[in-house]
Amino acid sequence: QVKHNGKNNYAKFDQHMVHFQQDKRKMEKVLRDALVNQNFVLVFQPQVYARTKRFYGVEVLLRLRTENGTILTPDQFIPIAEAAGLIVPIGAWVIRAACEQGMAWIREGFDPIKISINISGLQLKSIQFLSNVKAILEETGMNPANLTFEITESTIIDQSYAVLNVIEEIRKLGISVAIDDFGISYSSLSVLKNFPIEILKIDKSFVREMVTDEKGYKIVNAIINIAKSLDMKIVAEGVEDSTQLELLDELGCQFIQGYYISRPINEIEIERFLVNRTVMQQRYLIETKKHK
Ligand code: C2E
Ligand code: MG
Ligand code: MG
Ligand code: MG
């Protein structure tokens, strides 16, 4: 009986793997085609000053538009892009498109804003990465001082020696480096010690817990204090309500990003923020009155 079940389970498992492999191959093709057919889309999530709610910049987030019009989020295709070696060209497309958009906003008369781009570890390790970035800066005219590359903590740890060198080169180009999803891996503190990183992004899981959980609150407080003592800028991600925002501001977190301010939006919607950079302040005042 036991053996029989075991066999059935294997059969089921194999079936599952076959489907998984087929789906994976299908997705690889979708990704390859998307590069040619321009099916990748960027959305932008505002980052604001915690104290004044004034606009600071955007994080660039990648989306994939499929043939039937569905929009896929990165967790649905980035791992496959990485496994298929496609993250390098896709990542280069993201950097170029983000710089072009940044320059388009400037041409329309808006002041330059900070643009933060997620970079995969595999991209960093690829030999053409730095020369690609240099070429994009030259060709688009983007000022590197307005760019930040976000690298996840786990990337940095997994590939520490190779990555350290690339991070130093990125900094030499005048681009800032942020550590993304800070606090969720096992050697967060050694990353801070060993890498020349200017910006720390507190992972949204900590932001979520800081309101409901006393220990969670103390941990966020400690992270902010460490970052401050190292002269790092601090961005909290995943801020979803005014309580979180106020606590973070009180603790000295300078920048916030999250659904409470805005979901990721398209380049036209971003212009609404650029037209009146204090728009967030008005929104904030309305919100806090409602809550009181
Ligand atoms: P991330 O860099 O940590 O980006 C933040 C993610 O949290 C985004 O998900 C964003 O939409 C979501 N988010 C923002 N505010 C809130 C909030 O208030 N609450 C909650 N629950 N979520 C919020 P998204 O766009 O699905 O991206 C997921 C991850 O995919 C990103 O995490 C980043 O690691 C990766 N990613 C996105 N774009 C790119 C890209 O161009 N290249 C690479 N290599 N990775 C990317
Ligand atoms: Mg990020
Ligand atoms: Mg993050
Ligand atoms: Mg994240």
Q) In degrees between 0 and 90, to the nearest 10, how far off the longest principal axis of the chain does helix 2-37 point, with axes built from Cα atoms? A) 60 degrees
Q: Roll a 1.4 angstrom probe over the protein heavy atoms and tell me the percent of accessible area of the range 69-162 that is carbon or sulfur.
A: 55 percent
Q: On a 0 to 90° scale, report how tilted helix 87-107 is relative to the longest principal axis of the chain, with both axes built from alpha carbons and the result rounded to the nearest 10.
A: 30 degrees
(Q) Explain nothing, just compute: Karplus ³J(HN,Hα) = 6.51 cos²θ - 1.76 cosθ + 1.60, θ = phi - 60°, for every residue of the range 163-174 in order, whole Hz, x for Gly and Pro. (A) 6, 4, 4, 5, 4, 4, 5, 4, 4, 5, 6, x
Q) Relative contact order, percent, of the chain when contacts are C-alpha pairs under 8 Å separated by at least 6 residues? A) 19 percent
(Q) Sort 263-270, 178-185, 166-173, 243-250 by packing, meaning the average of other beta carbons within 10 Å per residue, with the highest value first. (A) 178-185, 243-250, 166-173, 263-270
Q. Any idea what angle helix 129-140 forms with the longest principal axis of the chain, computed on alpha-carbon atoms, 0 to 90 degrees, nearest 10?
A. 50 degrees
Q: Give me the accessible area per residue for the range 148-201, probe 1.4 Å, as a whole number in Å².
A: 42 Å²
Q: Have a look at Val177, Val30, Val48 and tell me which one the Gaussian network model of the chain (Cα, springs below 10 Å) gives the largest fluctuation.
A: Val30
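What's the extension gain from Gln128 to Tyr259 if we count 0.36 nm per residue and subtract their Cα-Cα distance?
Taking Gln128 through Tyr259 to full extension adds about 43.6 nm, to one decimal.
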Q | Stretch gain in nm, segment Val275-Thr212, where the contour uses 0.36 nm per residue and the Cα spacing is subtracted | A | 19.1 nm
Q. Considering the chain, what Rg and Dmax in Å follow from its alpha-carbon atoms?
A. 20.9, 74
**Q.** Value at 222 nm in deg cm²/dmol, rounded to 500, when DSSP H runs of n ≥ 4 in the chain each add -39,500 (n - 2.57)
**A.** -17500 deg cm²/dmol
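The values are calculated or read from the model by the stated rules, or taken from the named source; none is laboratory data. Source: prediction; values computed, not measured. Glycine also receives a Cβ, built like all others from the backbone with ideal geometry; neighbour counts cover every protein chain displayed. All accessible areas refer to the heavy atoms of the entire protein, side chains included, with ligands and DNA or RNA removed. Shrake-Rupley method; radii C 1.70, N 1.55, O 1.52, S 1.80 Å.
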